[in-house]
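The values are calculated or read from the model by the stated rules, or taken from the named source; none is laboratory data. Every value quoted in this text rests on a predicted model; they were computed, and no experiment measured them. Virtual Cβ from ideal backbone geometry, glycine too; neighbours counted across all protein chains shown.
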Amino acid sequence: MNIQYLLDDLVADIKATPPEGNVADYIPGLETVDPDQFGIAVAMNSGETYSAGNSSTEFSIQSISKVFTLALTIAKDEDDLWTRVSREPSGTPFNSLVQLEHEHGIPRNPFINSGALVVTDRLLTLTGDSHACLQTFLREQSSNPSIEVNEAIAASESLTGHRNASLAYFLTSYQNLVNPVPEVLNAYFRQCAIAMSCEDLARGGSFLSRGGIGANGRVLTADQVRRLNAVMLTCGTYDAAGDFAYRVGLPCKSGVGGGILAVAPGTCTIAVWGPRLGKSGNSAAGVTALAKLTERTGWSVF
Ligand code: GLN
């Protein structure tokens with residue numbers, strides 16, 4: 001199989017038939033991105049990386065950060081976390097308030113915003129600085145020491161993130177955040193505003209397809225990675241997780257910056273990026289490209 005040829009072909013397809021959808025505009029800093037860029041990178045477990053299109057352009061990883069903060073938290077303390085967050089698909093938008101009240105302050109899963117705030121809170125308690133811990137981890141795993149926060153995007157979300165603030169205060173009212181809300185929000189916004197390319201992300205997420213082995217040794221046990229991939233498959237793309245399983249068939253995590261990280265366990269890690277989003281907040285070009293890629297390669301968990 002000629003993977004480079006496949007990726008070039010996918011990029012040509014996306015350029016020929018650009019997807020519909022708009023860039024996320026509720027975070028002002030994301031609005032200015034050229035919506036018709038598209039990139040893809042595949043980091044094989046055997047060591048090679050293939051890429052095509054705008055694969056070295058940095059973008060805001062947004063909720064893809066949630067996979068990494070969850071991995072770092074699980075690596076330090078799995079038990080406490082799962083008393084505070086469930087592991088069920090939400091079926092509701094990623095920033096829903098209604099479900100959280102209905103379920104008495106226990107978020108449905110760690111990938112919707114309320115769940116990610118609890119994970120950030122726990123990582124803050126465990127490390128004292130969850131954002132620094134994440135940034136160091138991503139630099140090491142991607143072998144790119146220049147990975148940084150885009151400060152303008154972090155500041156723009158901090159000014160306009162009223163819904164996330166509501167979720168955080170709501171969680172506190174149920175004693176499900178222990179650190180001060182402004183500290184948790186600041187860490188969460190900075191984590192979301194980290195800028196990475198598809199190539200960085202595919203390499204950075206390699207431990208997910210390599211049974212927990214990262215760039216410098218073991219990150220998670222094989223069991224922990226298997227469970228993390230299961231949560232990605234069922235919850236990583238919000239209320240489109242069923243459709244992703246149907247069309248792509250791989251554990252995935254999306255972000256409103258237009259990136260998607262996908263894992264073919266035992267084979268490779270894939271990152272795609274296209275800023276136009278479908279209605280659940282997942283990259284429209286990303287899902288199209290991933291569906292074609294898995295169809296042509298047979299990389300599916302099913
Ligand atoms: N920072 C974004 C938010 O909290 C992340 C959402 C996402 O990427 N789905 O709204």
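Numerical summary
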{"item": "Positions within the stretch 91-123 being crowded, with 16+ Cβ neighbours inside 10 Å, over 15 Å from ALA168 (Cβ atoms) and in contact with an Asp or Glu (Cβ under 7 Å, 6 or more places away or on another chain), in sequence order", "result": "THR92, PRO93, ARG108, ASN109"}
{"item": "Some residue of the stretch 157-167 being farther than 22 Å from ILE27 by Cα and in contact (Cβ under 8 Å) with a residue 12 or more places away in the chain", "result": "no"}
{"item": "Matching entry among ALA187, ALA152 (being within 16 Å of the ligand (Cβ to nearest atom) and crowded, with 16+ Cβ neighbours inside 10 Å)", "result": "ALA187"}
{"item": "Residues located in the stretch 1-31, provided they are more than 16 Å from the ligand (Cβ to nearest atom) and either part of a loop (DSSP other than H, G, I, E, B) or over 19 Å from LEU290 (Cβ atoms) (or both)", "result": "MET1, ASN2, THR17, PRO18, PRO19, GLU20"}
{"item": "Verdict on ARG203 being buried (at least 21 other Cβ atoms within 10 Å of the Cβ), of a type in the set (Lys, Arg), away from the ligand (no atom under 16 Å from the Cβ) and assigned to a helix (DSSP H, G or I)", "result": "yes"}
{"item": "Every residue from the stretch 32-61 that is surrounded by 24 or more Cβ atoms within 10 Å (Cβ to Cβ) and within 14 Å of the ligand (Cβ to nearest atom)", "result": "PHE59, SER60, ILE61"}
{"item": "Single condition ILE74 does not satisfy, out of (1) modelled with pLDDT under 95; (2) crowded, with 21+ Cβ neighbours inside 10 Å; (3) more than 16 Å from the ligand (Cβ to nearest atom); (4) not aromatic (Phe, Trp, Tyr)", "result": "(1)"}
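Residues are listed down the side, and each one gets a yes or a no for (1) more than 17 Å from the chain's Cα centre (by Cα); (2) not in a helix (DSSP H, G or I):
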| site | (1), (2) |
| --- | --- |
| ALA41 | no, yes |
| SER56 | yes, yes |
| ILE64 | no, no |
| ASP80 | yes, no |
| VAL118 | no, no |
